[in-house]
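Have a look at the structure below, then the notes.
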Amino acid sequence: MKRNPIQRIAIYPGTFDPITLGHVDVVTRGLKLFDQIVVAVAENPGKGPMFDLDTRLHMVAESFANEVRVEAVQFSGLLVELARSHGAQAILRGLRAASDFEYEFQMATMNRRLDAELESVFVMAREDYTFVSSRFIREIAGMGGDVSELVPAPVLHYLS
Ligand code: PNS
């Protein structure tokens, strides 16, 4: 059987303020399904991120420095436009718990309305990361707590 030469590309968007091992787990699972994953760091000024866009991008890029199939980019416009410009067929997102579903469902439905060709694909987070969120990481690190088992090693010095 002839193999299909088409590259399967997914965009994995987020604020990544900062990137956590939960996010890394989503990318690792996504790499089983896609040839290439573009991790897209959103400017997202509405969320009032703790780290500026460049710093968040650096944290993501450093976390995947050894993975040639992962590219880190930043963006400030519509996700579907970024996906088109990278030739992506899918948006990758992780689900931790039922509480994530409502927001993800709304976002996936809106993105489908904006681009019916782009599929949203969800992977389930590893059990030990279901409670990990960037918000908790910021809070715990800000109060001097240990987050070394919850974020990629390169992120630690940005939090200290
Ligand atoms: O990790 P987050 O903060 O939940 O990520 C949210 C993100 C960045 C995926 C979402 O805000 C987004 O896609 N922003 C880009 C603007 C856009 O395309 N909005 C329409 C989709 S609802």
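The values are calculated or read from the model by the stated rules, or taken from the named source; none is laboratory data. Quick caveat: nothing in here was measured; it's all calculated off a predicted structure. Quick reminder, even Gly has a Cβ in these numbers, built from the backbone with ideal geometry, and neighbours come from all protein chains shown.
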Looking at (1) away from the ligand (no atom under 12 Å from the Cβ); (2) at pLDDT 95 or above; (3) buried (at least 16 other Cβ atoms within 10 Å of the Cβ), can you tell me which one Tyr129 breaks? (2)
Log entry, pairs with first residue in region 122-138 being closer than 19 Å to Phe105 by Cα, second being acidic (Asp, Glu) and buried (at least 17 other Cβ atoms within 10 Å of the Cβ), beta carbons closer than 8 Å, six or more apart or on different chains, reads Ala125/Asp25
For region 139-160, the count of residues that are surrounded by 12 or more Cβ atoms within 10 Å (Cβ to Cβ), in contact (Cβ under 8 Å) with a residue 12 or more places away in the chain and under 20 Å from the mean Cα position of the chain (by Cα) equals 8
Total residues in region 83-114, condition within 10 Å of the ligand (Cβ to nearest atom) and in contact with a helix residue (DSSP H, G or I) (Cβ under 8 Å, 6 or more places away or on another chain): 5
Top-ranked residue of region 110-126 - restricted to ones that are in a helix (DSSP H, G or I) and hydrophobic (A, V, I, L, M, F, W, C), ranked as surrounded by the fewest Cβ atoms within 10 Å (Cβ to Cβ): Met110
I need the full set of residues from region 48-65 which are farther than 15 Å from Ile11 by Cα and within 14 Å of the ligand (Cβ to nearest atom), in order please. Gly48, Pro49, Met50, Phe51, Leu53, Arg56, Met59
Is one or more of the residues making up region 68-79 part of a helix (DSSP H, G or I), surrounded by fewer than 20 Cβ atoms within 10 Å (Cβ to Cβ) and among the acidic types (Asp, Glu)? no
Return yes or no: is Phe34 surrounded by 20 or more Cβ atoms within 10 Å (Cβ to Cβ), more than 11 Å from the ligand (Cβ to nearest atom) and not in a strand (DSSP E or B)? yes
From Val80, Val68, Val73, grab the single residue that is closer than 14 Å to Ala10 by Cβ, away from the ligand (no atom under 12 Å from the Cβ) and β-branched (Val, Ile, Thr). Val73
Lone unmet requirement of (1) among the small types (Gly, Ala, Ser); (2) farther than 17 Å from Val39 by Cβ; (3) part of a helix (DSSP H, G or I) for Ala83: (2)
Considering only region 89-108, state which residues are farther than 21 Å from Lys47 by Cα and at pLDDT 95 or above. Gln89, Ala90
